[in-house]
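Step one of this worksheet: look at the structure below.
The values are calculated or read from the model by the stated rules, or taken from the named source; none is laboratory data. Values in this document were obtained by computation on a predicted structure and should not be read as measured data. Virtual Cβ from ideal backbone geometry, glycine too; neighbours counted across all protein chains shown. Surface accessibility is based on the protein's heavy atoms, side chains included, excluding ligands, DNA and RNA. Shrake-Rupley method; radii C 1.70, N 1.55, O 1.52, S 1.80 Å.
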Amino acid sequence: MSTKLKLYLGRKVIESLTKATSLTTIDLLPLICVGNTTVTNTFELHLPLTLLEDQLGVPNVNGILKIQPDDIIKSIVTKKDRANRKISFEIEKTIFIQDVLENCTQPDINLKPKTLVIDFSSPNIAKPFHMGHLRSTIIGNFIGNLNSFLHHKVTKLNYLGDWGTQFGFIKVGVDELKPSKEDIKRNPLKVLYDSYVHANKLAEKDPKVAERARQEFNRLEKGSPEDANHWKEYMQYSKQELETTYKRLGVVFDEYNFESTYNAKKIQPVLDLCNEKHVTHKESDGKLVVDVDNGKKIPLVKSDGSTLYLTRDVAAAIDRFNKYDFDKMLYIVDSSQSDHFTALKAVLRKMNFPWSDRLFHVKFGRIRGMSTRKGTAVFLKDILDECRDLMIKKQIESPNTRVPIDNSNVSDILGVSCVIINDLKQRRQKDYDFTWDKVLQVQGDTGIRLQYTHCRLYSLEKNSGAFNPKKIAPQLILEPEATILIRELARFQEILYRSNEQLEACLLVTYLFHLCNHINRAFKVLQVKSADPEVASQRLLLFSTARRVLGEGMKILGLQPLNEM
C-alpha cells in the first residue's frame with residue numbers, strides 16, 4: 001500500500017468537509033487502514049468513525065459519506081464490528097492490486113522525520129553478557145532498524161560500562177594473576193572477568209583488598225597516565241571481541257561510547273553548572289546531592305570524591321543532546337532500572353534542561369533460566385555457539401536439509417534467528433522462561449519457520465521457469481487465496497507504524513507468521529510451473545512481492561534472510 005493512494009483518499013475526505021478544520025491530509029494517513037472483509041475480491045480502506053466524529057463533528061463526517069464514487073473509490077458506507085465503527089471505502093480492485101504489488105515493499109514517504117538516539121545493549125566489559133543485555137540488544141536493534149526503514153534519522157549507540165569501583169577490582173585481579181598481553185588480546189572479556197572474580201574472592205578473605213581496589217579506581221579516575229594507557233588497551237581489545245559477537249546477531253552500532261569518557265575531569269563542568277544553578281549541596285558526610293521532588297536526595301558525588309553511574313549518565317545526556325539535538329533518546333534497559341531513569345530525568349529537569357522530557361526509558365521484562373546447558377556463567381558468544389551447534393545437530397537429523405552440513409554459517413544464522421524470534425514474539429515488558437527445546441523447535445512459530453518460507457519463495461523464483469511480467473495484470477490474480485494474500489501484503493506499512501507507536505516487535509512478528517500462513521495457502525492453489533505463461537508470470541510476481549515483504553520484515557527484526565537451508 002502506497003502513500004499515494006492514502007493521500008488521494010485523505011484529500012477527498014478533507015475536501016468533503018463543510019467546516020474548516022486544522023486536521024490535514026497528512027494527519028489522516030496513519031488512521032487509514034486496510035479493511036478485513038469477508039467478501040471475495042473486494043478491497044477496502046477504513047477510517048475510524050468515532051475518532052473522526054470527535055475531531056470533526058458529526059455534520060462534517062456526514063459530508064464524508066456524501067463523497068461521490070469515481071474511478072478509484074467505488075462506494076462509501078459505515079460499518080460496525082464488536083469494537084469499532086468505521087467509514088469503509090471500497091477501492092477499485094485493479095488499482096488496489098497494482099498499488100500493492102508496486103509499492104508495498106517500500107516505506108511510506110516520511111513527511112515529518114525525527115532524530116532519534118537509541119542507547120542499547122551496553123554491557124559491562126568485565127562481566128558476563130547477561131540476558132538483560134541480550135534482550136536490550138535484540139529489542140534496541142529492532143527499534144533502530146524499524147525507524148531507519150521509516151526514514152527517521154537514527155543513531156544506534158552502545159554505551160559500554162568500563163568504569164566504576166568494580167574496575168579497581170579488575171586492576172587488582174590483573175596484578176595478582178599476571179595474564180600476558182597476548183592472553184588479554186586473545187580473550188579480553190574472559191581474562192578481565194576472571195581477574196574481577198579473583199579479586200573479589202581475595203577481598204572476601206582480606207578487607208584490605210577492597211580498599212586497594214577503591215584506591216586503584218580513584219587513581220585511574222584522577223588520570224594516572226600509566227593506568228589510563230593499560231585501560232585504553234583493554235577496552236579496545238574488548239570492543240573488538242564484542243563487535244565480532246554483535247556481527248553474528250546482525251547488529252551494527254553507529255557509535256560506541258565508554259562510561260570512562262565521563263571521568264572526573266569531564267564531569268567537573270557539569271558539577272560546576274549544577275553549583276551555578278544552585279541544584280546541588282554538600283551533605284555533612286561530604287556527598288554532593290540534588291534535592292528533587294518529594295524531598296528525595298539524589299547523590300551525584302560520593303564522600304570520597306568519586307562520581308557515580310548516575311553522574312556519568314547526566315553528563316552523557318547533556319553531551320548527546322549538544323551533539324545530536326535529538327527529538328527522542330531511548331534507553332533500552334530492563335524494568336528494574338526505572339528508578340535510575342526517573343532520577344536521571346529529575347536531575348536534568350532540576351538543571352532546567354527543557355529537553356529532559358525527550359528521554360524515554362523503554363522497559364522490558366527478564367528472561368528466566370537462560371544459560372548454557374552446563375549452567376555456568378556465560379558470555380553471549382557461549383550462548384550463540386551452543387545455539388549453532390544444536391542447530392547443526394537438527395540439520396543432520398533432518399531429511400530436508402539442502403545446504404552442506406559443514407556450512408556452519410547457515411546453522412549460525414538459523415540459531416540466531418531462533419533466539420531473536422523467541423524473544424521478539426513476547427510482549428516487551430513480559431518476563432518469560434527460556435528453554436532450548438522451545439527456542440529451536442522446527443514446528444510452530446519460530447525463526448526457522450520464517451527462514452523456511454523465505455527459502456521456499458526464493459526456490460520458486462529460481463526454479464519455476466516463469467518470469468516476472470513487464471506489466472501487472474490484476475485480472476489474472478483474482479482467486480480468493482490471491483486476494484487474501486494481497487490484502488495481507490497491503491497491511492505491512494500499518495503494522496510497521498503500529499509496532500513503532502507501541503515499540504512492540506511482537507506485532508510485526510505475529511504479522512509475519514500470518515503472512516507465512518497466507519503464502520502457504522496460496523502455494524497450494526496458485527500453481528506457477530503448470531500454469532499458462534501469462535498467469536504464471538503474474539502469480540510469480542505475487543509470490544516475489546510476498547518474499548520481499550517477508551524479507552524486509554525479517555531484516556527489520558534483525559534476521560538475515562536465507563535463500564537455502
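The table below gives the values:
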{"item": "Subset of the stretch 24-59 [touching a residue at least 24 places away in the same chain (Cβ under 8 Å), over 20 Å from Asp70 (Cβ atoms), within 31 Å of the chain's Cα centre (by Cα) and part of a loop (DSSP other than H, G, I, E, B)]", "result": "Asn36"}
{"item": "Ile556 vs. criteria over 22 Å from Thr40 (Cα atoms), without any contact (Cβ under 8 Å) to a residue 60 or more places away in the chain and crowded, with 16+ Cβ neighbours inside 10 Å", "result": "no"}
{"item": "Neighbours by Cβ (under 9 Å, 6+ apart or cross-chain): first from the stretch 81-93, in a helix (DSSP H, G or I); second at pLDDT 90 or above and open to solvent by 70 Å² or more (accessible area, probe 1.4 Å)", "result": "Lys93/Lys74; Lys93/Gln475"}
{"item": "Matching option when the condition is at pLDDT 95 or above, touching a Cys at 6+ places or on another chain (Cβ under 6 Å) and more than 21 Å from Asn463 (Cβ to Cβ), among Leu512, Leu503, Leu507, Leu489", "result": "Leu489"}
{"item": "Qualifying residue in the stretch 485-497 (condition: in contact (Cβ under 8 Å) with a residue 60 or more places away in the chain and more than 35 Å from the chain's Cα centre (by Cα))", "result": "no"}
{"item": "Hey, Lys4 touching an Asp or Glu at 6+ places or on another chain (Cβ under 9 Å), in a helix (DSSP H, G or I) and open to solvent by 80 Å² or more (accessible area, probe 1.4 Å) or not", "result": "yes"}
{"item": "Of all residues making up the stretch 407-459, the number that are within 17 Å of His514 (Cα to Cα), in contact with a strand residue (DSSP E or B) (Cβ under 9 Å, 6 or more places away or on another chain), in contact (Cβ under 8 Å) with a residue 60 or more places away in the chain and assigned to a helix (DSSP H, G or I)", "result": "0"}
{"item": "Members of the stretch 529-542 found to be surrounded by fewer than 21 Cβ atoms within 10 Å (Cβ to Cβ) and either under 16 Å from Pro480 (Cα atoms) or under 26 Å from the mean Cα position of the chain (by Cα) (or both), listed by number", "result": "Val535"}
{"item": "Residue list for the stretch 140-175, restricted to those being open to solvent by 10 Å² or more (accessible area, probe 1.4 Å) and part of a helix (DSSP H, G or I)", "result": "Asn145, Ser148, Phe149, Gln166, Phe169, Lys171, Val174, Asp175"}
{"item": "Some residue of the stretch 61-68 being in contact with a Leu (Cβ under 9 Å, 6 or more places away or on another chain) and in contact (Cβ under 8 Å) with a residue 60 or more places away in the chain", "result": "no"}
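Per-residue answers, yes or no, for (1) out of contact with any helix residue (DSSP H, G or I) (no Cβ under 7 Å at 6 or more places or on another chain); (2) open to solvent by 30 Å² or more (accessible area, probe 1.4 Å):
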{"site": "Asn84", "(1), (2)": "yes, yes"}
{"site": "Ile87", "(1), (2)": "no, no"}
{"site": "Glu92", "(1), (2)": "yes, yes"}
{"site": "Glu102", "(1), (2)": "yes, yes"}
{"site": "Asp108", "(1), (2)": "no, no"}
{"site": "Lys112", "(1), (2)": "yes, yes"}
{"site": "Ser121", "(1), (2)": "no, no"}
{"site": "Asn124", "(1), (2)": "yes, yes"}
{"site": "His133", "(1), (2)": "yes, no"}
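Each row is one residue, and each column tells you yes or no for (1) closer than 29 Å to Thr115 by Cβ; (2) open to solvent by 80 Å² or more (accessible area, probe 1.4 Å); (3) touching a residue at least 12 places away in the same chain (Cβ under 8 Å).
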| residue | (1), (2), (3) |
| --- | --- |
| Thr280 | no, no, yes |
| Ser284 | no, yes, no |
| Val292 | yes, no, yes |
| Pro299 | no, no, yes |
| Tyr324 | yes, no, yes |
| Ser335 | yes, no, yes |
| Phe360 | yes, yes, yes |
